[in-house]
Amino acid sequence: MRDTAARLDALRREALAMARQATLLRHDLDVVVPGSSGGDVAVLVHGFLATAGVLRPLGDALTTDAGVTLTSFTHVPGIGVTALAERVGEHVRALDAERVYLVGHSIGGLAVRWFTSELGGDPRVVQTVSLASPFWGVRRARLLPGTLAREIKPGSDVLARLRAGIGSGVPHFAVSGSHDAVVGPPARLGSADELVAAGCGHNAVLYDADVLRAVAERIRERRASAAAVGRL
């Protein structure tokens, strides 16, 4: 009975998250330029069939609680992980920033790690964050467009390389939903910094107060440590 009640509550929260996304999709379709030059900038990268607008509540939490400036861009539906990583790289290299934090939902989280671990990254990137990202694959990947389907099917070379690099290089914070029907049950990456969001599905993680607080906290802590190193 308890498991059934938990599943029903997770379904309710996921439905509410989808409804909220429907009101946010029309926002931030163009590139959002940082409000000020220099300093700490967080790059938000959305997932499949979404826009940067759905990440607005996350962005609000990061500006308020982590003190960073925001930037984002909306990518076309069906873009592959490696191609999206190239877009992330172009966006990052154009930034006037002292430190950069890359935060991605779903395939966006895979793309930010591919950029840092496989494309040379950028020395200003000091933290990556993934939310509900399918590092172990999506069982129904065959239903997705060509390149994306090949890259996120279970057992793909892209995912194997991403998992192999997760514990080295730029520090990573991975958030999974306990009831993610898209990605499946949470599976540890072996990273020292992982969070399973109780009662959250694939999209509910974006609007869960505990998740938003945890992501802002990680970035705030990274800001403080990176600034301290810079003063030495």
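The values are calculated or read from the model by the stated rules, or taken from the named source; none is laboratory data. Computed from a prediction, not measured in an experiment: that's the story for all the values here. Please note: Cβ atoms are built from the backbone with ideal geometry, for glycine as well, and neighbour counts cover all protein chains shown.
Of everything in segment 99-134 that's β-branched (Val, Ile, Thr) and within 15 Å of residue 52 (Cβ to Cβ), which residue is surrounded by the most Cβ atoms within 10 Å (Cβ to Cβ)?
Among residues in segment 99-134 that are β-branched (Val, Ile, Thr) and within 15 Å of residue 52 (Cβ to Cβ), the one surrounded by the most Cβ atoms within 10 Å (Cβ to Cβ) is 112.
Hey, residue 128 hits all of (1) of a type in the set (Val, Ile, Thr); (2) in contact (Cβ under 8 Å) with a residue 60 or more places away in the chain; (3) under 23 Å from residue 180 (Cβ atoms) but one; which does it fall short on?
(2)
Out of curiosity, is residue 12 over 25 Å from residue 85 (Cβ atoms), out of contact with any Phe, Trp or Tyr (no Cβ under 8 Å at 6 or more places or on another chain), part of a loop (DSSP other than H, G, I, E, B) and at pLDDT 95 or above?
Values: over 25 Å from residue 85 (Cβ atoms): yes; out of contact with any Phe, Trp or Tyr (no Cβ under 8 Å at 6 or more places or on another chain): yes; part of a loop (DSSP other than H, G, I, E, B): no; at pLDDT 95 or above: yes.
Taking the combined requirement at face value, the residue does not satisfy it.
Could you list, in sequence order, the residues of segment 165-198 that are more than 21 Å from residue 125 (Cβ to Cβ) and either modelled with pLDDT of 95 or more or among the aliphatic types (A, V, I, L, M) (or both)?
Across segment 165-198, the qualifying residues are 176, 177, 178, 179, 180, 181, 182, 183, 187, 196, 197, 198.
So, in segment 1-53, how many residues would count as being out of contact with any strand residue (DSSP E or B) (no Cβ under 8 Å at 6 or more places or on another chain) and closer than 22 Å to residue 100 by Cβ?
Number satisfying all stated conditions: 5.
Collect the residues in segment 39-92 that are without any contact (Cβ under 8 Å) to a residue 24 or more places away in the chain and over 22 Å from residue 17 (Cβ atoms), keeping them in residue-number order. Can you show your working first?
If we filter segment 39-92 for residues that are without any contact (Cβ under 8 Å) to a residue 24 or more places away in the chain, which is where we start, we get 59-60, 63, 76, 90.
Correct list: 76, 90.
Within the group 51, 4, 74, which residue is farther than 18 Å from residue 182 by Cβ, at pLDDT 95 or above and of a type in the set (Ser, Thr, Tyr)?
Working: 51 fails: farther than 18 Å from residue 182 by Cβ; 4 fails: at pLDDT 95 or above.
Of 51, 4, 74, the one residue that is farther than 18 Å from residue 182 by Cβ, at pLDDT 95 or above and of a type in the set (Ser, Thr, Tyr) is 74.
For residue 224, only one of the following conditions fails: (1) in a helix (DSSP H, G or I); (2) over 30 Å from residue 4 (Cα atoms); (3) under 16 Å from the mean Cα position of the chain (by Cα). What is its number?
Condition not satisfied by residue 224: (3).
Out of contact with any Ser or Thr (no Cβ under 8 Å at 6 or more places or on another chain), within 16 Å of residue 9 (Cβ to Cβ), assigned to a helix (DSSP H, G or I) and touching a residue at least 12 places away in the same chain (Cβ under 8 Å) - does that describe any residue in segment 177-192?
For segment 177-192, residues out of contact with any Ser or Thr (no Cβ under 8 Å at 6 or more places or on another chain), within 16 Å of residue 9 (Cβ to Cβ), assigned to a helix (DSSP H, G or I) and touching a residue at least 12 places away in the same chain (Cβ under 8 Å): absent.
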